Amino acid sequence: MTRRYDPGRRQRIIDAAIRVVGRSGIAGLSHRTVAAEADVPLGSTTYHFASLDELLTAALRQANEGFATLLRESGPLAGPDGDVAAVLARLVGEWLGGDRTGVELEYELYLAALRRPALRPVAAEWTDAVAEILSARTDPTTARALVALLDGICLQVLLTGGEYDEEYARELLARVLLLSARPAAG
């Protein structure tokens, strides 16, 4: 039997894993469910991903690109002028107001790192990438504080089903930025 060359199979498996988690949660993820979703033989999933953690890692890495890409592509955030708090608040609103299922999926995979240590480095990559983008406009410590605040705001909206309040987010982000601009007490 000859093996068919299928360069897109690994990516289809990752995409299928994301769909399975989006539909059934992480508890519904198995090599079998992903193989069925991707319409590939079961052996293909185990060939490309020996464990579910490897598959989740690839899915998390891909899912994490959403907000980081939005930040990277934001012209106003990249420039030296402008209201960083207002731009961030607007971008979070766009992100949360877009494909809500996709945002929920990103956070489900992100929070899976609590119980799956293999995912922690990928979750940290997301935090580091967003902090690095924000460091272009502030110091690294403040950038990390902004990431933590953004995470908290997003989690509250997602977990409570509440509406995102852009003005509230802008005010909190501005306060963090204002505190970072003050000279240290000495």
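The values are calculated or read from the model by the stated rules, or taken from the named source; none is laboratory data. All values derive from a computational prediction rather than experimental measurement. Glycine gets a Cβ as well: all are built from the backbone with ideal geometry, and neighbour counts include every protein chain shown. These area figures cover heavy atoms from the full protein model, side chains too; ligands, DNA and RNA do not enter into them. Shrake-Rupley method; radii C 1.70, N 1.55, O 1.52, S 1.80 Å.
Counting just the residues of segment 42-59 that are among the small types (Gly, Ala, Ser) and in a loop (DSSP other than H, G, I, E, B), which one comes out most open to solvent (accessible area, probe 1.4 Å)? Working first, answer last.
As a first pass, look at segment 42-59 and keep what is among the small types (Gly, Ala, Ser): 43-44, 50-51, 58-59.
From what's left, in a loop (DSSP other than H, G, I, E, B): 50-51.
Values: ALA50: 77, SER51: 44 Å².
Residue satisfying both the conditions and the ranking: ALA50.
Has segment 128-142 got at least one residue that is open to solvent by less than 50 Å² (accessible area, probe 1.4 Å), farther than 22 Å from LEU178 by Cα and either of a type in the set (S, T, N, Q) or modelled with pLDDT under 80 (or both)?
Within segment 128-142, not a single residue is open to solvent by less than 50 Å² (accessible area, probe 1.4 Å), farther than 22 Å from LEU178 by Cα and either of a type in the set (S, T, N, Q) or modelled with pLDDT under 80 (or both).
Kindly provide the set of residues from segment 130-186 that are in a helix (DSSP H, G or I) and small (Gly, Ala, Ser), ordered by number. Show your work before the answer.
From segment 130-186, those in a helix (DSSP H, G or I) are 130-134, 140-160, 166-181; that's our starting set.
Across segment 130-186, the qualifying residues are ALA131, ALA143, ALA145, ALA148, GLY152, ALA169, ALA174, SER180, ALA181.
Please work out which one of (1) under 25 Å from LEU159 (Cβ atoms); (2) in contact with a helix residue (DSSP H, G or I) (Cβ under 9 Å, 6 or more places away or on another chain); (3) at pLDDT below 85 is the condition PRO76 fails and give its number.
(1)
Would you mind listing the helices (runs of 4 or more DSSP H) fully within segment 60-119 where at least 1 residues are in contact with a Lys or Arg (Cβ under 9 Å, 6 or more places away or on another chain) and within 20 Å of LEU177 (Cα to Cα)? Reasoning before the result, please.
On the way: elements: 65-72, 75-78, 84-97, 100-111.
Fully inside segment 60-119 and qualifying: 75-78, 84-97.
What number of residues in segment 1-10 are open to solvent by less than 80 Å² (accessible area, probe 1.4 Å) and assigned to a helix (DSSP H, G or I)?
Of all residues in segment 1-10, those open to solvent by less than 80 Å² (accessible area, probe 1.4 Å) come to 6, 8-9.
Next, from what is left, pick out any that are assigned to a helix (DSSP H, G or I): 9.
Residues flagged as open to solvent by less than 80 Å² (accessible area, probe 1.4 Å) and assigned to a helix (DSSP H, G or I) within segment 1-10 amount to 1.
Only residues that are open to solvent by less than 20 Å² (accessible area, probe 1.4 Å) and either at pLDDT below 90 or of a type in the set (Asp, Glu) (or both): list them for segment 22-41, please. Please lay out each step first, then the result.
Of segment 22-41, the ones open to solvent by less than 20 Å² (accessible area, probe 1.4 Å) are 25, 29, 34-35, 38, 40.
If the condition is that a residue be open to solvent by less than 20 Å² (accessible area, probe 1.4 Å) and either at pLDDT below 90 or of a type in the set (Asp, Glu) (or both), then GLY25 is the only one that fits.
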